[in-house]
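The values are calculated or read from the model by the stated rules, or taken from the named source; none is laboratory data. In this text, all values refer to a predicted model and were calculated from it rather than measured experimentally. Because the Cβ atoms are built from the backbone with ideal geometry, glycine has one as well, and the counts that use them run over all protein chains shown. Calculation scope for accessible area: heavy atoms of the full protein, side chains included, ligands and nucleic acids excluded. Shrake-Rupley method; radii C 1.70, N 1.55, O 1.52, S 1.80 Å.
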Amino acid sequence: MMIEQIPVVMLRDVVVFPSSTMYLEIGRTKTIHAVNQAIHGNKQIFTVAQKNPEVENPSLEDVYSVGTLAEVKQIISMPDKVTRVVITGQQRMNLEQLYTKEDCCYGDISEREESGDLSYTLEMVAMVRGLKDLFQVYVAEHGKISEKLVEEVMAQTDLVTMMDQICADIPVHYQLKQQILEETDIFNRHEQLSLLLSREIGILRIQGEIAARVKGQVDQNQKEYYLREQIRAIHKELGEEDAVSDADRYRGQLQQLKAPKKVKRKIEEELQRFRKMSASSSESAVIRGYIETLLHFPWKKQSKEQQDVKYAAQILEEDHYGLEKVKERVLECLAVKALKPDGVSPIICLVGPPGTGKTSIARSVARALHRKYVRICLGGVRDEAELRGHRRTYVGAMPGRIVTGLKNAGVKNPVMLLDEIDKLGGDYKGDPASALLEILDPEQNKHFSDHYIELPVDLSQVMFICTANSLEPISRPLLDRMEVIELSGYTEMEKYHIAKEHLWEKQRIANGLTKSQISITDKALHTVITHYTREAGVRNLEKKLAALCRKAAHAVASGEAERIRISGRNLKEYLGKELYQPNPALSRPETGVVRGLAWTNAGGDTLEIEAAVLDGTGKLELTGKLGEVMQESAKIALTYVRTQIGGRLDSDYFQKHDIHIHVPEGAVPKDGPSAGVTMATALYSVLMGIPVRGDVAMTGEISLRGRVLPIGGLKEKLLAAKAAGISLVIIPEQNKKDIQEMETEVLEGLQIEYASQIKQVWKHALVQK
């Protein structure tokens, strides 16, 4: 007999037998739909057990091939989207096909023929009586079998029905029940059930003997101790040795631990306390956690460091383009280690704008040195205990992040990255930055004290690399303990090389594209860099390249194209209109308009500072959302200009005129002293009526005596001037040393003039009559 397209219910840990009534709680959508289909049809469903209960959407391979044809008797909707179903098993069936249709599982099933002569013989009578006797013994040993079930079994005369009733209700593993369900031979099925009941009777008797023995050994009120003794008695009954206690296991680990004698003595003391404590004590759990922390901490274990300088240099070059100062410092450290293995590891602080590779270079350093890598993000950390750990007197105490990082690394000499060190906070719980003073001091971190460990921890072999976007929030004592390496923004050519050699390949692979499916021209890369990103690093550049790859992946996957070639012509189709346009140099000289240079978190930028004079009462008007320092620079510039041109104008000129200084992009906050010379030049130009060259940009702080003082961020400012088409840049004389260390690519196409006095700036910037 074949039944097609019957609703199928796949069960977890449950096997339904013929002639038995089951109460099931179902929650899966397909199962609920199958039961509803049955109740509105002929009320028949096919139940089959899953091989792995964890599978959420099982296929034909995930369920057994034999199940039970059943009739749905009742459906009851329960809270929490659970449905209770009452079914009665009817007949064993084979599952031939399984398929899903309209969110419901259906199957094709066939009748399962059984073998064995069931005629009324003395052998069958003996089998029925023997099975009943065995079941009665099982019920007596178990003590929790339903009386109704016992009565039904005792009143049953049909061997097959009786076996199905017993199998359906005894509490054994579903896989054992499935074996009996699949057995077609009646005599083999009887034998399997008899063996199963005998085995369960033996286990129940042993449990009873164990319970009786344990009960005589321990106090009735010590429930947890009773359970431990019961487990020990079970091991003894099975012929195994006594279970090794936790304390004995810890002692074995202690004997193999490589650690200082002071550490081993401390662990031994804690083990003695641990042995005497009851497992129910809260203090026992605290001591257990402390012992395990000490046993798993790498007191003397360390990585075998790679000391080949050429190999390390090759790895660093493969992973990062540029960052020469960082690479040079790492190679120097490696060379010193090769000559002096017990030397102290350096503590480096990388400072620079976001996206310049500060975090990723630490991972490359660890790979180059064959050391483990640990990253600890300090952004937003406000509690000193995050670094030093919590004292064990507190509930839930745990080691600090430094000790936890070493424990997870498994060695005492990893490369440890302290990310975003400038984002540390502080409140009533302490100052984490002060805790770093000991961690990052080579003279003190040999005996670093963690509040949880309470033992000296050697951090001298750890290579600390810190990262920050700015040095201003970092305290001076902490800054003195680190070797600061400043990472300036990338040039356009550096970004091009990074994109072509690293980022493009990374995003192509990440988006599942092959080289034959997508390509990009050099011109398109340059356009993305100049017109779609404005940053010192390459983070947004990588996002734009990722967007290109995603759009190409969509086109390839949808069949719109087999190969995508991105060029300067079709770039707008993928990224839209250009987001940034360089602020070009003025085409002709203008009076009162001067191009200044500024540093921002996104790199350098140019600012047009405008000055105007009008009739008034002698006020100085400043607009453009200028900060306090920039406003002071404007006042200093005006004071100096007045001292220089006082005799050329009427004595009451400044009492009868107002002066207005404006810096465009008024919504953007601006601050800093480096616009002093620019403001002074704009004021001098507008007051004297002398135009300023349009291809000139300048930067520098001004004093009341007209001296031009040094500034920072010079590389970013020069890159901004170059992008704007400026040909002449005037910078402070004291910044000449920075120019000497700068790459040729940055200075190419720029004429640099130095000035120590503002008059030298005017000489180069103003149009000579």
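Numbers at a glance
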{"item": "Positions within the range 567-588 being out of contact with any helix residue (DSSP H, G or I) (no Cβ under 6 Å at 6 or more places or on another chain) and in a helix (DSSP H, G or I), in sequence order", "result": "572, 573, 575"}
{"item": "Sole exception among (1) open to solvent by 20 Å² or more (accessible area, probe 1.4 Å); (2) closer than 18 Å to residue 594 by Cβ for residue 719, by number", "result": "(2)"}
{"item": "Cβ pairs under 6 Å, 6+ apart, first in the range 305-319 and in a helix (DSSP H, G or I), second open to solvent by 40 Å² or more (accessible area, probe 1.4 Å) and modelled with pLDDT of 85 or more", "result": "315/367"}
{"item": "Qualifying position, being polar (S, T, N, Q), open to solvent by 10 Å² or more (accessible area, probe 1.4 Å) and in contact with an Asp or Glu (Cβ under 8 Å, 6 or more places away or on another chain), among 530, 514", "result": "530"}
{"item": "Residue within the range 128-140 that is within 59 Å of the chain's Cα centre (by Cα), free of Cβ contacts under 8 Å to residues at least 24 places away in the same chain and on the phi > 0 side of the Ramachandran plot present", "result": "no"}
{"item": "Pairs with Cβ under 7 Å, 6+ apart, first in the range 719-733 and farther than 19 Å from residue 761 by Cα, second open to solvent by less than 40 Å² (accessible area, probe 1.4 Å) and assigned to a helix (DSSP H, G or I)", "result": "719/746"}
{"item": "Residue 367 vs. criteria modelled with pLDDT of 85 or more, over 18 Å from the mean Cα position of the chain (by Cα) and closer than 30 Å to residue 287 by Cβ", "result": "no"}
{"item": "Among residues of the range 87-123, those that are open to solvent by 60 Å² or more (accessible area, probe 1.4 Å) and either at positive phi or of a type in the set (Asp, Glu) (or both), counted", "result": "8"}
{"item": "Number of positions in the range 430-469 that are closer than 23 Å to residue 392 by Cβ, in a loop (DSSP other than H, G, I, E, B) and either of a type in the set (Val, Ile, Thr) or in contact with a Lys or Arg (Cβ under 8 Å, 6 or more places away or on another chain) (or both)", "result": "8"}
{"item": "Residue check for residue 266: charged (D, E, K, R), loosely packed, with under 13 Cβ neighbours inside 10 Å, over 30 Å from residue 742 (Cα atoms) and in contact (Cβ under 8 Å) with a residue 24 or more places away in the chain", "result": "no"}
{"item": "Of all residues making up the range 66-86, the number that are open to solvent by 10 Å² or more (accessible area, probe 1.4 Å) and either of a type in the set (D, E, K, R) or touching a helix residue (DSSP H, G or I) at 6+ places or on another chain (Cβ under 8 Å) (or both)", "result": "7"}
{"item": "Any hit, the range 385-394, residues being open to solvent by 30 Å² or more (accessible area, probe 1.4 Å), farther than 16 Å from residue 440 by Cβ and of a type in the set (A, V, I, L, M, F, W, C)", "result": "no"}
{"item": "Scan of the range 330-353 for residues that are at pLDDT 80 or above and surrounded by 15 or more Cβ atoms within 10 Å (Cβ to Cβ), ordered by number", "result": "331, 347, 348, 349, 350, 351, 352, 353"}
{"item": "Any hit, the range 409-419, residues being crowded, with 21+ Cβ neighbours inside 10 Å, in a loop (DSSP other than H, G, I, E, B) and either of a type in the set (D, E, K, R) or touching a strand residue (DSSP E or B) at 6+ places or on another chain (Cβ under 8 Å) (or both)", "result": "yes"}
{"item": "Boolean, residue 664 is under 53 Å from the mean Cα position of the chain (by Cα), within 16 Å of residue 756 (Cα to Cα), open to solvent by 10 Å² or more (accessible area, probe 1.4 Å) and modelled with pLDDT under 90", "result": "no"}
{"item": "From the options 753, 733, residue that is more than 42 Å from the chain's Cα centre (by Cα) and open to solvent by less than 50 Å² (accessible area, probe 1.4 Å)", "result": "753"}
{"item": "Residue, farthest from residue 351 (Cα to Cα), within the range 428-468, restricted to residues that are touching a residue at least 60 places away in the same chain (Cβ under 8 Å) and of a type in the set (Gly, Ala, Ser)", "result": "449"}
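Yes/no matrix, rows are residues, columns are (1) touching a helix residue (DSSP H, G or I) at 6+ places or on another chain (Cβ under 8 Å); (2) open to solvent by less than 20 Å² (accessible area, probe 1.4 Å); (3) assigned to a helix (DSSP H, G or I):
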site	(1), (2), (3)
505	no, no, yes
519	no, no, no
523	no, no, yes
542	yes, no, yes
556	no, no, yes
